[in-house]
1. Any chance the stretch B:75-84 includes a residue that's surrounded by 20 or more Cβ atoms within 10 Å (Cβ to Cβ), among the β-branched types (Val, Ile, Thr), in contact with a Ser or Thr (Cβ under 9 Å, 6 or more places away or on another chain) and modelled with pLDDT of 95 or more?
2. Please determine, by comparing only the residues of the stretch B:87-104 that are surrounded by fewer than 21 Cβ atoms within 10 Å (Cβ to Cβ) and under 14 Å from B:Gln6 (Cβ atoms), which one is nearest to the other protein chains (Cβ to nearest Cβ).
3. Looking only at residues in the stretch A:98-108 that are assigned to a strand (DSSP E or B) and at the interface with another protein chain (Cβ under 8 Å from one of its Cβ atoms), which one is nearest to A:Lys66 (Cα to Cα)?
4. Could you grab me the full set of residues in the stretch B:1-22 that are part of a strand (DSSP E or B), away from every other protein chain (no Cβ under 14 Å) and either without any contact (Cβ under 8 Å) to a residue 24 or more places away in the chain or under 23 Å from B:Lys67 (Cβ atoms) (or both)?
5. For B:Ser32, work out the one condition from (1) assigned to a loop (DSSP other than H, G, I, E, B); (2) polar (S, T, N, Q); (3) within 13 Å of chain A (Cβ to nearest Cβ) it doesn't fulfil.
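The values are calculated or read from the model by the stated rules, or taken from the named source; none is laboratory data. Only a predicted model underlies this, so the values are computations on that prediction, with no experimental measurement involved. For neighbour counting, all protein chains shown are included, and Cβ atoms are generated from backbone atoms with ideal geometry for every residue, glycine included.
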Amino acid sequence: GAVVSQHPSWVICKSGTSVKIECRSLDFQATTMFWYRQFPKQSLMLMATSNEGSKATYEQGVEKDKFLINHASLTLSTLTVTSAHPEDSSFYICSARELLAGGETQYFGPGTRLLVL
Amino acid sequence: QKEVEQNSGPLSVPEGAIASLNCTYSDRVSQSFFWYRQYSGKSPELIMSIYSNGDKEDGRFTAQLNKASQYVSLLIRDSQPSDSATYLCAVAPYDSGSRLTFGEGTQLTVNP
C-alpha cells in the first residue's frame, strides 16, 4: 500500500513553545489529508481536514489558532501546535487520502508523540 | 444510534481459529469501507478496503459487504497471536474531501 510518513516521530518540549509536525505522502499525491489526535486507550479524534491550496476545515471544539495547518503541496501537510501546554500532550496522527478508480483509500502516518513539560 | 457500530469486545479466539468482526453503519450514502488494525501505541494500518457488495479476499483476510443490510465484516482465517490488536471499521461517502467515520473498535486477542 501507499506510504505516509510523519516527522518527528516524537518530541518533548517546554510549555509555551510551538511544535511543527510534518506529514508526507511518499508515493502518491494527496489533495486531502487529515489530522487526528489520540489519547491513551481512547478512539481516534479527527481534528481537521487539510486541503491542498485552501484553508483547513476544523472539527467542532478544535481551536484553529492553536492548531495551525498548512497544506502547501500535494504531498505535504504540516500541523503546528502553538504555545503548547501539558494538556496538548498526545499522539498526533495524520492520514492521506488517495483517490482510486473504484473508490478512495486513506493511509495513516506512523504518528507523532508529543510530550509538553 | 451511532453512525458506525462494531460488535462489542473484547473478542478472544484460539490460535488457528477464524475471528469474525462485524460492523454496521447508518448512512446509506456510504460508498467506501475500510478495516484498519491498530496495535497498542501504534497508528492504524489499512488491512482491507471494499467498495462493492460481496466478498473481497486478501491472504487470510476476507471482507464482506452488504449495502442493503448496511453491514460490513472482516474474517481472519488461521488467526495468529500477531493478529492481536484493535480492529477499526471505517466508512466514507464517495465525494471530494470525505472524511472517515470510525467505529469504536473491537479488541481481538488470539491465544496461543
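1. The answer is yes; a qualifying residue exists.
2. Only one residue tops the list, namely B:Glu104.
3. First, pick out the residues of the stretch A:98-108 that are assigned to a strand (DSSP E or B): A:98-99, A:104-108.
Among the residues that remain, those that are also at the interface with another protein chain (Cβ under 8 Å from one of its Cβ atoms) are: A:104-108.
Numbers: A:Glu104: 30, A:Thr105: 29, A:Gln106: 25, A:Tyr107: 25, A:Phe108: 23 Å.
Within the stretch A:98-108, the match that is nearest to A:Lys66 (Cα to Cα) is A:Phe108.
4. Applying the first criterion (part of a strand (DSSP E or B)) to the stretch B:1-22 yields B:4-6, B:11-14, B:19-22.
This time we only want the ones that are away from every other protein chain (no Cβ under 14 Å), so: B:11-14, B:19-22.
If the condition is that a residue be part of a strand (DSSP E or B), away from every other protein chain (no Cβ under 14 Å) and either without any contact (Cβ under 8 Å) to a residue 24 or more places away in the chain or under 23 Å from B:Lys67 (Cβ atoms) (or both), then B:Ser20, B:Leu21, B:Asn22 are the ones that fit.
5. Here B:Ser32 meets the rest and fails (1).
Here is a yes/no grid of residues against (1) of a type outside the set (S, T, N, Q); (2) away from every other protein chain (no Cβ under 14 Å); (3) more than 11 Å from the chain's Cα centre (by Cα); (4) not in a loop (DSSP other than H, G, I, E, B):
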| residue | (1), (2), (3), (4) |
| --- | --- |
| A:Lys64 | yes, yes, yes, no |
| A:Ala72 | yes, yes, yes, yes |
| A:Thr80 | no, yes, no, yes |
| A:Ser95 | no, no, no, yes |
| A:Pro110 | yes, no, no, no |
